[in-house]
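Everything below concerns the one structure shown next.
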């Protein structure tokens, strides 16, 4: 058993890095629950298996030094948490509207397990998708399809909430408010499903709504975009009203516009675009400061002729200067796509390398969780060895509030058999991480970060250290939910 003594705290500016990897880099993974894509594997699995499977996902990505899980908590008018605003998801319990037996609050549990691993939890919601098919026999009578049939628009093989109805936006605002106030979330997240992808020969029937709510001289296309703009603006306002440190991020379809229809667009030939077909305008949201991060889905290979990853990633880097920009990578395509580039083990590593060399890109998100677990070992090895070998800090929100962070008080500190037991207390109201660094030649290397609860001011932590790390200068500090850091507290072994 070794004991530590403390020396006078010093302020250190973390401007150096021991590898090419940035000190802060978003490393996220989408965990999809719709149709049981990633989790639960089957809605009829018992609670023990559901928990084990979710923990396996977290453990895999924690080992890969990922720092955020983006978990789908609302798929289609349902919820994977207890609420009066939507029925329980059948993907969790097997029957929509039925609570999962012995699993009273899955969301609270998932957040806790994610935070235990030093990862952020981003709650992912689909605002407008109401059903995944036109077969409504599986829906609960509490679903909005039955409670508010006038809110629904049938299109293709699904039902959608009508984005033009103020009552739809109002209810969604209540959903966001409940999540932000009741749960210790790090972010709210939307994907690319706004107005539905267009289907040839079909029209989205909102003409009557447009006649009521459209402004004089306004085209239907601009009106539709204004509806989505209002949703985004109101969600941002709701989040920041209650917890300004909670982030808001959106992951739009990868192509804003093709250059053929707008000189500002990307040099691509996408069949549909987020602006013209989904009626979403991420550039406006960024300009208005409504997003803390933008994560376009750039799921094509580096040189794909119609829409190359290289072209699109560079376009977003040049056009998203008022937010944190992350790139969505399609790991689900590895050895599973007609584009032969995905047969190569270095396609995803090349994309990560390209992102790191573009000045304004601050991280990546993989779709989806199951795509790397138990397969593509050579890809995983390359990611770990070359790109994600060391932990990285999480970028702070766009509206960073500069605050002075006090050093934590060390209540006790012991080392035994390469395990560091550290108990601290702190006074910060919005803490985020306890960070452990190894300093060599004045350069900090983040060894591990552990999540600090908003309510738990005193807690003990365990760090597994190598003998090499123990021989270095060990120092700690805490960072808050805005990304501010306290001075460091050096530790030396007697």
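The values are calculated or read from the model by the stated rules, or taken from the named source; none is laboratory data. Please read all numbers here as calculations on a predicted model, not as lab measurements. With ideal geometry, Cβ positions are generated from the backbone for all residues, glycine too; neighbour counts draw on all protein chains shown.
Could you check, for the range 192-212, whether at least one of its residues is assigned by TED's automatic domain parsing to the domain that holds residue 277, in contact with a helix residue (DSSP H, G or I) (Cβ under 9 Å, 6 or more places away or on another chain), under 15 Å from residue 127 (Cα atoms) and at pLDDT 95 or above?
Scanning the range 192-212, I find at least one residue that is assigned by TED's automatic domain parsing to the domain that holds residue 277, in contact with a helix residue (DSSP H, G or I) (Cβ under 9 Å, 6 or more places away or on another chain), under 15 Å from residue 127 (Cα atoms) and at pLDDT 95 or above, so the answer is yes.
From 399, 394, 380, 364, grab the single residue that is surrounded by 18 or more Cβ atoms within 10 Å (Cβ to Cβ), in contact (Cβ under 8 Å) with a residue 60 or more places away in the chain and out of contact with any strand residue (DSSP E or B) (no Cβ under 8 Å at 6 or more places or on another chain). Before the answer, list the steps.
Details: 399 fails: surrounded by 18 or more Cβ atoms within 10 Å (Cβ to Cβ); 394 fails: out of contact with any strand residue (DSSP E or B) (no Cβ under 8 Å at 6 or more places or on another chain); 364 fails: out of contact with any strand residue (DSSP E or B) (no Cβ under 8 Å at 6 or more places or on another chain).
Exactly one residue qualifies, and that residue is 380.
Taking the range 288-304, which residues are more than 20 Å from residue 348 (Cβ to Cβ), out of contact with any strand residue (DSSP E or B) (no Cβ under 9 Å at 6 or more places or on another chain) and in a loop (DSSP other than H, G, I, E, B)? Can you show your working first?
Keep residues of the range 288-304 that are more than 20 Å from residue 348 (Cβ to Cβ), which gives 288-294.
Cutting the leftovers down to out of contact with any strand residue (DSSP E or B) (no Cβ under 9 Å at 6 or more places or on another chain) gives us 288-289.
Selection gives 289 alone.
If I filter the range 206-216 for residues that are farther than 15 Å from residue 238 by Cα, touching a strand residue (DSSP E or B) at 6+ places or on another chain (Cβ under 9 Å) and not in a loop (DSSP other than H, G, I, E, B), do I get at least one hit? Steps first, answer last, please.
Narrowing the range 206-216 to residues farther than 15 Å from residue 238 by Cα: 206-216.
Remaining after also requiring touching a strand residue (DSSP E or B) at 6+ places or on another chain (Cβ under 9 Å): 206, 209.
Within this subset, residues satisfying the condition of being not in a loop (DSSP other than H, G, I, E, B) are 209.
The answer is yes; a qualifying residue exists.
Among what's in the range 443-473 and is assigned to a strand (DSSP E or B) and touching a residue at least 60 places away in the same chain (Cβ under 8 Å), pick the residue that is farthest from the chain's Cα centre (by Cα). Step through it out loud before you land on a result.
Kept after step one, since they are assigned to a strand (DSSP E or B), are these residues of the range 443-473: 443-451, 458-464, 473.
Imposing the further condition that a residue be touching a residue at least 60 places away in the same chain (Cβ under 8 Å) reduces the set to 443-446, 448-451.
Details: 443: 29, 444: 26, 445: 24, 446: 22, 448: 20, 449: 18, 450: 18, 451: 16 Å.
My answer is 443.
Among 285, 245, which is within 19 Å of the chain's Cα centre (by Cα), in a loop (DSSP other than H, G, I, E, B) and closer than 25 Å to residue 394 by Cβ?
Numbers: 285 fails: in a loop (DSSP other than H, G, I, E, B).
Going through 285, 245 in turn, just one is within 19 Å of the chain's Cα centre (by Cα), in a loop (DSSP other than H, G, I, E, B) and closer than 25 Å to residue 394 by Cβ: 245.
Check 184, 177, 208 and return the single one that is surrounded by fewer than 20 Cβ atoms within 10 Å (Cβ to Cβ) and more than 20 Å from residue 107 (Cα to Cα).
Values: 184 fails: more than 20 Å from residue 107 (Cα to Cα); 177 fails: more than 20 Å from residue 107 (Cα to Cα).
Answer to the selection: 208.
Are any residues in the range 318-336 at pLDDT 95 or above and surrounded by fewer than 17 Cβ atoms within 10 Å (Cβ to Cβ), and if so, which ones?
Applying the first criterion (at pLDDT 95 or above) to the range 318-336 yields 318-320, 323-336.
Residues satisfying the conditions are 318, 335, 336.
Give me a count of the residues in the range 23-56 that are surrounded by fewer than 21 Cβ atoms within 10 Å (Cβ to Cβ), closer than 22 Å to residue 367 by Cβ and in contact with a helix residue (DSSP H, G or I) (Cβ under 9 Å, 6 or more places away or on another chain).
8
Go through 469, 418 for me and flag whichever is modelled with pLDDT under 95, in contact with a strand residue (DSSP E or B) (Cβ under 7 Å, 6 or more places away or on another chain), on the phi > 0 side of the Ramachandran plot and not assigned by TED's automatic domain parsing to the domain that holds residue 111.
On the way: 469 fails: on the phi > 0 side of the Ramachandran plot.
Every option except 418 fails the conditions.
Please go through (1) in a loop (DSSP other than H, G, I, E, B); (2) in contact with a helix residue (DSSP H, G or I) (Cβ under 8 Å, 6 or more places away or on another chain); (3) outside the structural domain of residue 41 (by TED's automatic domain parsing) for residue 373 and return the number of the only condition it doesn't satisfy.
That leaves (3) as the condition not met.
Inspect all residues belonging to the range 265-278 and state whether any of them is within 19 Å of residue 400 (Cα to Cα), assigned by TED's automatic domain parsing to the domain that holds residue 237 and surrounded by fewer than 23 Cβ atoms within 10 Å (Cβ to Cβ). Working first, answer last.
Let us first name the residues in the range 265-278 that are within 19 Å of residue 400 (Cα to Cα), namely none.
Among the residues of the range 265-278, not one is within 19 Å of residue 400 (Cα to Cα), assigned by TED's automatic domain parsing to the domain that holds residue 237 and surrounded by fewer than 23 Cβ atoms within 10 Å (Cβ to Cβ), which makes the answer no.
Among the residues in the range 305-312, are any part of a helix (DSSP H, G or I) and out of contact with any helix residue (DSSP H, G or I) (no Cβ under 9 Å at 6 or more places or on another chain)?
The initial filter retains those residues of the range 305-312 that are part of a helix (DSSP H, G or I), namely 309-312.
Of the ones still in play, those that are also out of contact with any helix residue (DSSP H, G or I) (no Cβ under 9 Å at 6 or more places or on another chain) are 311-312.
For the range 305-312, residues part of a helix (DSSP H, G or I) and out of contact with any helix residue (DSSP H, G or I) (no Cβ under 9 Å at 6 or more places or on another chain): present.
With the structure loaded, tell me whether residue 235 is touching a residue at least 12 places away in the same chain (Cβ under 8 Å), closer than 30 Å to residue 313 by Cβ and assigned by TED's automatic domain parsing to the domain that holds residue 121 or whether it fails that test.
It is true that residue 235 is touching a residue at least 12 places away in the same chain (Cβ under 8 Å), closer than 30 Å to residue 313 by Cβ and assigned by TED's automatic domain parsing to the domain that holds residue 121.
Scan the range 283-300 for residues that are in contact with a helix residue (DSSP H, G or I) (Cβ under 9 Å, 6 or more places away or on another chain) and either closer than 16 Å to residue 315 by Cα or at pLDDT below 95 (or both) and jot them down.
Just the residues of the range 283-300 that are in contact with a helix residue (DSSP H, G or I) (Cβ under 9 Å, 6 or more places away or on another chain), to begin with: 283-286, 288-292, 294, 296, 298-300.
Scanning the range 283-300 gives 283, 284, 286, 294, 296, 298, 299, 300.
Scan the range 87-117 residue by residue and report those that are within 21 Å of the chain's Cα centre (by Cα), more than 12 Å from residue 44 (Cα to Cα) and crowded, with 22+ Cβ neighbours inside 10 Å. Let's see the steps before the verdict.
Here is the first cut: in the range 87-117, the residues within 21 Å of the chain's Cα centre (by Cα) are 89, 91-92, 105-117.
With the extra rule that they be more than 12 Å from residue 44 (Cα to Cα), the set shrinks to 89, 105-117.
Selection gives 89, 106, 110, 111, 114.
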